[in-house]
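One structure is given here, and the rest of the page talks about it.
What follows draws every value from the coordinates through simple rules; no lab data is involved. This is a predicted model, so every value here is computed, not measured. Cβ placement follows ideal geometry from the backbone for every residue including glycine, while neighbour counts extend to all protein chains displayed.
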Amino acid sequence: MIDHYINYDKELGMNANTKLIDLLKDVGDDEELIITMEGNDAAQSDYLFDILKKNGFEVLPKGGHDDNKYHIIAHRKRV
């Protein structure tokens, strides 16, 4: 199993969409995608959830308590 990571260390925007869509093509059925961003940006992550869901992914948000990071863990839906 391979894990794929995206770290959005700057403000989210159109560049974030493109980066995510490009990576989704490489994520296999038994692989995970882990997206990390600043905790303050979590409120702006709705469109990332929409992109993931439209591309057949299940998502699990997870807030970081110690590092003020927000994580989205995604994997392809099993059919």
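Observations on the model:
- For the stretch 43-73, filtered to residues that are in a strand (DSSP E or B) and among the β-branched types (Val, Ile, Thr), the residue that is farthest from Asp29 (Cα to Cα) is Ile72.
- Residue selected from the stretch 1-20 under the condition in a loop (DSSP other than H, G, I, E, B) and aliphatic (A, V, I, L, M), by the criterion farthest from His75 (Cα to Cα): Leu12
- Residues that are β-branched (Val, Ile, Thr) and without any contact (Cβ under 8 Å) to a residue 40 or more places away in the chain were ranked within the stretch 1-27; the one that is nearest to Asn40 (Cα to Cα) is Ile6.
- If the condition is being within 10 Å of the chain's Cα centre (by Cα) and closer than 18 Å to Thr18 by Cα, then the stretch 32-46 contributes Leu33, Ile34, Ile35, Thr36, Met37, Ser45.
- Evaluation of Asp26 against (1) loosely packed, with under 15 Cβ neighbours inside 10 Å; (2) assigned to a strand (DSSP E or B) (one fails), failing number: (2)
- Within the stretch 24-39, being within 20 Å of Gly56 (Cα to Cα) and in contact with a strand residue (DSSP E or B) (Cβ under 6 Å, 6 or more places away or on another chain) holds for Val27, Asp29, Glu32, Leu33, Ile34, Ile35, Thr36.
- Checking Thr18 against (1) more than 9 Å from the chain's Cα centre (by Cα); (2) hydroxyl-bearing (Ser, Thr, Tyr); (3) surrounded by 11 or more Cβ atoms within 10 Å (Cβ to Cβ), the condition it does not meet: (3)
- When the stretch 40-79 is limited to residues that are hydroxyl-bearing (Ser, Thr, Tyr) and within 17 Å of Asn7 (Cβ to Cβ), the one that is surrounded by the fewest Cβ atoms within 10 Å (Cβ to Cβ) turns out to be Ser45.
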